[in-house]
Amino acid sequence: MVYAEYLPILIQVILALGIGVGILVASHAFGQGPRTNSTKDSAYECGMISTGQAHAKFSVKFYVVAMLFIVFDIEAVFFIPWAMIYRDFLANDIPILLPILFFTTILVVGFIYEFKKGALDWEK
């Protein structure tokens, strides 16, 4: 039968839908019913009336440092596999050093630029 190849996918989709529906049914069946106290109905209640804003405002510096962390963390995604296969490339006479030096140079120039702009200075 042609559709026999799709049977594992169908089983996985049915199982995923079944688990999702099962969790929702169990939540409604065993969860707490409606309450009369409006403070208790708020999300993450602890018995105290909430004051102030729900979310504190973060400085732009926080987001800049987070983005820089992501950018410089992605370099590991490229450096680790490169380090693993470097000997294989050398054995097969495939030039790989210049592209990785170009990539590293771009990262270093970017880091120096961000450092000179003061993006990594928390006191500013």
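The values are calculated or read from the model by the stated rules, or taken from the named source; none is laboratory data. As the structure is a prediction and not an experimental result, all values here were calculated from the model. Every residue, glycine as well, gets a Cβ built from its backbone with ideal geometry; the counts of neighbours run over all protein chains shown.
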Selection from region 86-124 of residues that are among the hydrophobic types (A, V, I, L, M, F, W, C), surrounded by 13 or more Cβ atoms within 10 Å (Cβ to Cβ) and within 17 Å of VAL71 (Cα to Cα): ILE100, PHE103, LEU107, PHE111, ALA119, LEU120
Qualifying residue in region 39-51 (condition: surrounded by fewer than 10 Cβ atoms within 10 Å (Cβ to Cβ) and either in the same structural domain as ILE100 (by TED's automatic domain parsing) or modelled with pLDDT of 80 or more (or both)): no
Subset of region 73-117 [part of a helix (DSSP H, G or I), touching a residue at least 12 places away in the same chain (Cβ under 8 Å) and farther than 30 Å from LYS61 by Cβ]: TRP82, ILE100
